[in-house]
Amino acid sequence: GYDNPDVILLQWLRACKWDVKAAIHKIMDLLKWRIEWGVQALLANGESEISLEEAAIGKGYFMGHDKAGRPICYIHARDHIRGQFSQKNTEKLTILAAEMCRKLLEPPVETITIVVDIAELGMENVDLQVANMFISLLESYYPELLGLGIVLNSSYMFGSCWTVIKPWLDPVIESKIRFINNEADLAEYIDPSNIPQRLHGNHHNFQYIFPSAEDKAMIAAFRADHQGKTTAQAVHREAARNHLNVTLRWAHHDDNQNLLAERANATKQLQDAFEKLLPYITTRMHYHRTGDINEPIFNIAYEKLCASDKDSVLLK
């Protein structure tokens, strides 16, 4: 996938406190969940699967990086109205955001910072069902993703909610949460250039960029290119088999520099093969259009596909 396989395994091992059997069990649960929930279908359909109206509200979005280099997810609780959108729609939006977050991470950074703005929280904004869903996703399916959690502008009402939410949290996640009552104190963790103006920073406020006609044409072209997808999938499967075989050989031998180099090359081949498969199984999103996610393979593959179609027409 987007990630180095070793990094993924280490994340699960850390989350399971180095219990190998527990980590394997958790990974199997993850794979089962992704299949049953339909995560790959969500990624393939992209923004057509979510409510763009809900996405455009700006109640949750990524913007800039904190002083430790972690991508920042801002959540404004007052912009979430309980029942305004279905639980399923909100869950889709949340999972899609988590998947985009994986693309925002750049090695060696493996975690994100989440800033939850509680200012002007009202009863209509309190949604414990969504809060529980969010926590479950973090703990069960996106381990070790949270590096720092900041609760901003806490209030008496949130204090009541916190007594309910706190028992849901794993102690490790709870230890990463900080409470800040003054927006100015955000500057301790985040440079003002990465704080939105609505929180008295210098970054322009979030504005969703909707899919363009080119985005839609690109999706249609890739979905119609069945041969291209079949070829890319075959190359990826072969790269995965090769990576597994090299890893097994490496695991059963003492440190061998030749095997280490071969495995590093196999990892690179696997990532390259997955990159070429991306246009057929995912789509460009808002963060591609802002330039926060850079995946040139979409344009490269699309230009080749268009050129191929043009050549086919000329030959007829």
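Restricting the search to the stretch 185-244, which residues are among the hydroxyl-bearing types (S, T, Y) and under 15 Å from Y280 (Cβ atoms)? Break it down into steps so the answer makes sense when it comes.
To start, the set of residues in the stretch 185-244 that are among the hydroxyl-bearing types (S, T, Y) comprises 189, 193, 208, 212, 230-231.
Scanning the stretch 185-244 gives T230, T231.
If the requirement is being outside the structural domain of N125 (by TED's automatic domain parsing), out of contact with any helix residue (DSSP H, G or I) (no Cβ under 7 Å at 6 or more places or on another chain), surrounded by 13 or more Cβ atoms within 10 Å (Cβ to Cβ) and over 27 Å from P196 (Cβ atoms), which of these qualifies: W18, W12, W37?
Details: W18 fails: surrounded by 13 or more Cβ atoms within 10 Å (Cβ to Cβ); W12 fails: out of contact with any helix residue (DSSP H, G or I) (no Cβ under 7 Å at 6 or more places or on another chain).
W37 is the lone residue from the list that is outside the structural domain of N125 (by TED's automatic domain parsing), out of contact with any helix residue (DSSP H, G or I) (no Cβ under 7 Å at 6 or more places or on another chain), surrounded by 13 or more Cβ atoms within 10 Å (Cβ to Cβ) and over 27 Å from P196 (Cβ atoms).
When you scan the stretch 198-221, do you find a residue that is closer than 19 Å to F274 by Cβ, assigned by TED's automatic domain parsing to the domain that holds L278 and modelled with pLDDT of 95 or more, even just one? If you could, list the steps in order and put the result at the bottom.
From the stretch 198-221, those closer than 19 Å to F274 by Cβ are 218-219; that's our starting set.
From the residues that got through so far, the ones that are assigned by TED's automatic domain parsing to the domain that holds L278 too are 218-219.
Next, from what is left, pick out any that are modelled with pLDDT of 95 or more: 218-219.
Scanning the stretch 198-221 turns up at least one residue that is closer than 19 Å to F274 by Cβ, assigned by TED's automatic domain parsing to the domain that holds L278 and modelled with pLDDT of 95 or more.
List the helices (runs of 4 or more DSSP H) inside the stretch 217-292, counting only whole elements, that have at least 1 residues being under 28 Å from L93 (Cβ atoms) and hydroxyl-bearing (S, T, Y). Even if it seems obvious, please write down each step before you answer.
Working: elements: 226-251, 257-281, 286-289.
The helices (runs of 4 or more DSSP H) meeting that bar are 257-281, 286-289.
Could we say that D254 is at pLDDT below 95, acidic (D, E) and under 27 Å from D6 (Cβ atoms) here? It would help to see each step written out before you state the result.
On the way: at pLDDT below 95: yes; acidic (D, E): yes; under 27 Å from D6 (Cβ atoms): yes.
So D254 fits the description; yes.
Within the stretch 210-263, work out how many residues are closer than 29 Å to N45 by Cα, surrounded by 13 or more Cβ atoms within 10 Å (Cβ to Cβ) and not acidic (D, E).
Residues of the stretch 210-263 that are closer than 29 Å to N45 by Cα, as a first pass: 210-241, 243.
Still in the running and surrounded by 13 or more Cβ atoms within 10 Å (Cβ to Cβ): 211, 215-216, 218-219, 221-223, 225, 228-229, 231-233, 235-236, 238-240, 243.
In the following step, the residues that additionally are not acidic (D, E) were identified as 211, 216, 218-219, 221-223, 228-229, 231-233, 235-236, 239-240, 243.
Adding up the residues that qualify gives 17.
Give E124, E99, E110 a once-over and let me know the one that is more than 14 Å from the chain's Cα centre (by Cα) and not aliphatic (A, V, I, L, M).
Numbers: E99 fails: more than 14 Å from the chain's Cα centre (by Cα); E110 fails: more than 14 Å from the chain's Cα centre (by Cα).
Among E124, E99, E110, only E124 is more than 14 Å from the chain's Cα centre (by Cα) and not aliphatic (A, V, I, L, M).
For the stretch 93-109, what are the residues that are outside any helix (DSSP H, G or I) and surrounded by fewer than 18 Cβ atoms within 10 Å (Cβ to Cβ)?
E106, P107, P108, V109 - these are the residues of the stretch 93-109 that are outside any helix (DSSP H, G or I) and surrounded by fewer than 18 Cβ atoms within 10 Å (Cβ to Cβ).
Residues checked against (1) within 25 Å of E295 (Cα to Cα); (2) touching a Leu at 6+ places or on another chain (Cβ under 8 Å); (3) not acidic (D, E):
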residue	(1), (2), (3)
I8	yes, no, yes
K21	no, no, yes
D29	no, no, no
G58	yes, no, yes
A68	yes, yes, yes
Y74	yes, yes, yes
E99	yes, yes, no
R102	yes, no, yes
L105	yes, no, yes
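Could you check H25 against (1) assigned by TED's automatic domain parsing to the domain that holds A187; (2) part of a helix (DSSP H, G or I); (3) more than 17 Å from the chain's Cα centre (by Cα) and say which number it fails?
(1)
The values are calculated or read from the model by the stated rules, or taken from the named source; none is laboratory data. Keep in mind it's a predicted model, so treat the numbers as computed, not measured. When we count neighbours, we look across all protein chains shown, and the Cβ atoms used for this are built from the backbone with ideal geometry, even at glycine.
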